[in-house]
Structure formats: structure tokens, C-alpha cells
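Novice: What follows is a single structure, and I will ask about it in a moment.
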Amino acid sequence: MRQVTTVVEHLLLQQKERPLASGRFTRLLTELILAAKIIDREVSKAGLLDVLGGTGEVNVQGEMVQKLDDFANRVIIRRMERVGVLCAMVSEENADVIEIPHQYPQGDYILVFDPLDGSANIDANVSIGTIFSIYRRQGGSATGVTLSDVLQKGSMQVAAGYFIYGSSTMLVYTTGNGVHGFTLDPSVGEFLLSHPDIRIPEQGKIYSVNEGYTPYWDPTTRKAVEYFRSCDNALGRPYSLRYIGSLVSDIHRNLIYGGIFLYPADCRDPKKPTGKLRLMCEANPMAMIVEQAGGMALDGRRRILDIEPDELHQRTPLVIGSKNDVLAVQRIYAEADAEAR
Ligand code: P6P
């Protein structure tokens, strides 16, 4: 009979090498998994329930809130606030730090999450996901959690992962000891280990970018994207262009097959001069996962995980994926910067 490994069994094995905290982290992830199963149930029936479309509201990001966005956000907050291991949460949907109500026990972990990334695709039944990032509180003050406790650079993450609600529902996570994928078996209601120790191919054949924004990129970014579209690259032929428009789906595909995803800065919206993606809720967790799988993640020049956040929802350009491809982009930006000096 095929060996099945649950997330908890895998975590306990992992913690032999790198103990996070006796059981507190396991409780956190177990509760997050329950929240994801509840979200998955609604996402999989979205076409049958009155949960498609928007709520008519606009979130802190200036984006139309989808009904499932709002549902997923509420489920995660309600479940996680009472788990007794968190001192604060940050959601892409909420402007400010979410405090843990005083009636619940406080903990040392901070959960940062995007409750339903790619939600604009919900009505078209495109795969979407929940992205999460876990930090440990650094400041030990008796007072409530401050913004400075939460604004930590990505290299301080103790864990990161995503749930992808697609042809199958998966959990992919890392605690800094490799990247591991689990597939939900609906017949038993458990996420079972299906992709142990995921490694991203060092050289990719896929590039993933919204080329419709070409007129809004700077010349160096256009040169970097042209590298993948031309024959003058590591392959000696054009890469294949794949762009789903759902970050979790695009990065998950590249994690498995190899490739590079780019969301560069563009001048479409003066309010978003550094691109659309959020550093803390999206770029940092994806960067930890891809680095742990042997890939790289930059803003084009700097390592994503080294960027000190100034604001909760600050945005960053993102160039992430197979090491050789990200290095090629880094060289193009470095050469342009050297010429400009
Ligand atoms: P664009 C979804 O809204 C999202 O935040 C990511 O999931 C995705 O990678 C990106 O936006 C797509 O943005 O501008 O290409 O539609």
C-alpha cells in the first residue's frame, strides 16, 4: 500500500532537523489548513452559489473586492484569531495590522496573508490561491503589537506557503528546510504529501509576464523581456510565453516545470510606480519558497528577501524563478546601471 504522509507527520519529521516551536507552529498550520478547506469548498462550488462577482466595495489596494475574497478573508481571520499562537495578522484586504482580540490567548507568531490571490479570475474558473507568510515577533514588549514588530524583511520569515485551488487543491510550504507539496484527498479530507522536496529547474524554457504593458516599461525592462522573446539567450531560441494572471498559478507552474515570472515596475498608474505586487503579502512568501527550491527572487536588482519594508502594503517589482533566468535579468539591469553611471 502506498505510504501516505499527512502535513502534521511531515512537520514533526521536519522539526527534528529544525525545531520551530513545540507544537505551536503545528497548531498554526493545522488551523490554517482548516481555513483553506473551508475556502476550497466555496471556491469549488462558486458557480452554483451566489458568491461570484464583486461585493461592490473597493479594498485598501484600490481593487474591486470579490465576494469570495471577502469570504476567504473573514474565514482566515475568524479561525486564526482564536488559535492562541498569534500576536497579530496582516491581510492584503485590510489597511492596518489586525490585532488578536484580548479574549483569545496571544502568541509570538505573526501571520501575513493574501486570502484569495488572483480573485479577478474567479468568474472564469481559473486557478486561484491563498498565500501566507509567518514571522516571529521580534520586540518583546508588554504593550500591543506595533507596526515595527510587523515590518520585517522577508529573510526573517520562519515559514511561507500557498494553497492553490485548481484541478486539485494543493498546499506548498517551506519552513526553511526545503519546499514540500501536499495534495488534498477529498475522500479523507487530508492534505497528503505528493511533492516532497520540490526543486525548480536551474534553467527554464518558460517566461511569464503581461506583455500588454510593454509601452509602460522602461527601456531596460523591455530589453530584459526581449531576451526571452529572442534567439539570443541561454536556449538559443525563444522561450514559451505562459501567463495565467494568477500569481499562485504562474509561480506554481514555474516551480514544477522551471521558468521565470516577471511583474516589473510600470508607469500605468502613478500611485503604483513600483508595480502591482505587494512585498509582504505576495513577493516575500513566494521568494522564500522559490529560493528554498533552488531558484532566485529579485526586484530586478536586489534580493526580495533583503528589502526592508517601510509600509505594510508597499509594492515591489518581482523577477522570480529559475536561477539562470533570473541571473540573466539581473545582468541586464546591472549593465544598464553601469552605463548610466
Ligand atoms: P495583471 C491578481 O490580481 C494579481 O495580484 C496576481 O495574482 C497576478 O499575478 C497579477 O495580479 C496579474 O496582474 O496586471 O497582469 O492583470
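Please treat every number below as a calculation from the coordinates, not as lab data. As the structure is a computational prediction, the values presented were derived from the model and not from experiment. Cβ placement follows ideal geometry from the backbone for every residue including glycine, while neighbour counts extend to all protein chains displayed.
Novice: Which ³J(HN,Hα) values, rounded to whole Hz and listed in residue order, are derived for the range 216-225 from phi using the Karplus coefficients 6.51, -1.76 and 1.60 in 6.51 cos²θ - 1.76 cosθ + 1.60 with θ = phi - 60°, glycine and proline given as x?
Specialist: 9, 8, 6, x, 5, 5, 4, 5, 5, 6
Novice: By its C-alpha gyration tensor, with a ≥ b ≥ c as the square roots of the eigenvalues, how is the range 195-274 shaped: rounded for a/c under 1.5, else prolate for a/b larger than b/c, else oblate? Please list the in-between numbers first.
Specialist: Working: a/c = 2.57, a/b = 1.36, b/c = 1.89.
Taking the square roots of the gyration eigenvalues as a ≥ b ≥ c, the range 195-274 is oblate.
Novice: Could you give the size of the charge dipole of the chain about its Cα centre, using +1 on the Cβ of each K and R and -1 on the Cβ of each D and E, expressed in debye and rounded to the nearest 20?
Specialist: Numbers: 36 positive and 42 negative charges, 134 e Å.
Charge dipole, the chain, about its Cα centre: 640 debye, nearest 20.
Novice: Give me the net charge for the shell around Glu335: Cβ to Cβ below 13 angstrom, other residues only, Lys and Arg +1, Asp and Glu -1.
Specialist: Working: positive: Lys223, Arg301, Arg331, Arg341; negative: Asp337, Glu339.
Every neighbour counted, the sum reads +2.
Novice: Distance cut-off 31 Å, Cα to Cα: go down the list Lys37/Lys323; Lys153/Lys223; Lys272/Lys323; Lys153/Lys323 and report the pairs above it.
Specialist: Flagged as over cut-off: Lys37/Lys323.
Novice: List Met156, Met89, Met80 from most exposed to least, where exposure is judged by having the fewest other Cβ atoms within 10 Å. Present the calculation step by step, with values, prior to reporting the outcome.
Specialist: Numbers: Met156 13, Met89 21, Met80 25.
Least crowded to most crowded, the residues run Met156, Met89, Met80.
Novice: Also, I was wondering about something else. List the aspartates and glutamates whose Cα sits under 13 Å from the Cα of Lys205, skipping any in the same chain fewer than 8 residues away.
Specialist: Partners within reach: Asp325.
Novice: On to the next question. Once you wrap a convex hull around the alpha carbon atoms of the range 63-155, what is its projected area averaged over all directions, in nm²?
Specialist: Values: hull surface 26.2 nm².
In nm², the orientation-averaged hull projection of the range 63-155 is 6.6.
Novice: Cross-link candidates for Lys67: which aspartates and glutamates have Cα within less than 19 Å, leaving aside residues fewer than 8 places away along the same chain?
Specialist: By straight Cα distance, Lys67 reaches Asp40, Glu42, Asp50, Glu57, Glu92, Glu93, Asp114, Asp117, Asp123.
Novice: Related question: D for the range 115-214, whole µm²/s, Stokes-Einstein with Kirkwood Rh over alpha-carbon pairs at 25 °C and 0.890 mPa s: what number? Numbers along the way, then the final one.
Specialist: Values: Rh = 16.6 Å.
Rounded to a whole number, D works out at 148 µm²/s.
Novice: Per-residue ellipticity at 222 nm for the chain, helices alone: DSSP H runs ≥ 4 residues times -39500 (n - 2.57), over residue total, nearest 500 deg cm²/dmol? Intermediate results must be reported in sequence, preceding the final value.
Specialist: Numbers: 8 runs with 99 residues, N = 341.
After summing the helix terms and dividing by the residues of the chain, the value is -9000 deg cm²/dmol.
Novice: Quick one: give the max-minus-min coordinate of the C-alpha atoms of the chain along each principal axis, largest first, in Å.
Specialist: Principal extents (Cα only, largest first): 58, 52, 45 Å.
Novice: Hey, another quick one. Which one, Gln330, Pro105, Leu151, is farthest towards the positive end of the dipole of the chain when Lys and Arg carry +1 and Asp and Glu -1 on their Cβ?
Specialist: Gln330
Novice: Neighbouring Cβ atoms within 10 Å as the yardstick, rank Leu318, Leu184 fewest first.
Specialist: Working: Leu318 28, Leu184 21.
If I rank by nearby Cβ atoms, fewest first, I get Leu184, Leu318.
Novice: Let me ask you something else. How much of the DSSP bridge set in the range 206-340 is antiparallel, in percent, rounded to the nearest 5?
Specialist: Details: 9 of 13 bridges.
Roughly 70 percent of the DSSP beta bridges within the range 206-340 come out antiparallel.
Novice: Given 10 Å bins starting at zero, what is the percent of C-alpha pairs of the range 223-341 in each, up to the one with the largest pair distance?
Specialist: Pair shares across the bins are 14, 45, 35, 6, 0.
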